Amino acid sequence: GNAMDKALIVGTARGAFNHNNTASIGVYHVPGYKGMIGASLILPGEDDYAVAYHSSCGYNRTGGLSKCQSSLTQYEGLWPFGGNKTYNQYSGHYRAPSVGSSGLYLNHSEITKEGWR
């Protein structure tokens, strides 16, 4: 694709700035898992039909995840060729204290209207 297409991929966004540099200000994340069939076929793991957990939880790599916590290790790939992958939240990024590790059963629009979390 063109420059705009390349600018909208996950790798470009993750490499655009140092996510670990939050100037000592905590970034709190609220993941949702009320997906929509079309979006959920494209986005890996749980999603709120717009954002997948690897982004909504502030993880340092992409993947099909269903939990939001500071560190998560899961087996990926077909046995016996797969292996464990560990996902960590960027430094200074946290799940909102009012949200459990499984997230909220809300879609993207509903989460953005929450505001108070």
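The values are calculated or read from the model by the stated rules, or taken from the named source; none is laboratory data. This one's a predicted model, so the numbers in the text were calculated from it and none came from an experiment. Note: ideal-geometry Cβ built from the backbone for every residue, glycine included; neighbour counts use all protein chains shown. For the accessible areas, the whole protein counts, side chains as well, though only heavy atoms, and no ligand, DNA or RNA atoms are used. Shrake-Rupley method; radii C 1.70, N 1.55, O 1.52, S 1.80 Å.
A few points about this structure:
- Qualifying positions in region 22-33 - part of a loop (DSSP other than H, G, I, E, B) and surrounded by 11 or more Cβ atoms within 10 Å (Cβ to Cβ): THR22, VAL30, PRO31, TYR33
- Those residues of region 11-31 which are modelled with pLDDT of 85 or more and within 27 Å of GLY77 (Cβ to Cβ), in sequence order: HIS19, HIS29, PRO31
- Checking region 57-65 against the condition returns no match, with no residue being at pLDDT 90 or above, touching a Leu at 6+ places or on another chain (Cβ under 8 Å), open to solvent by less than 50 Å² (accessible area, probe 1.4 Å) and farther than 28 Å from SER24 by Cα.
- Filtered residue count, region 77-100, keeping only those that are touching a strand residue (DSSP E or B) at 6+ places or on another chain (Cβ under 7 Å), in contact (Cβ under 8 Å) with a residue 12 or more places away in the chain and either over 19 Å from LEU65 (Cα atoms) or of a type outside the set (Lys, Arg) (or both): 8
- Qualifying residue in region 43-55 (condition: open to solvent by 70 Å² or more (accessible area, probe 1.4 Å) and closer than 15 Å to ARG14 by Cβ): no
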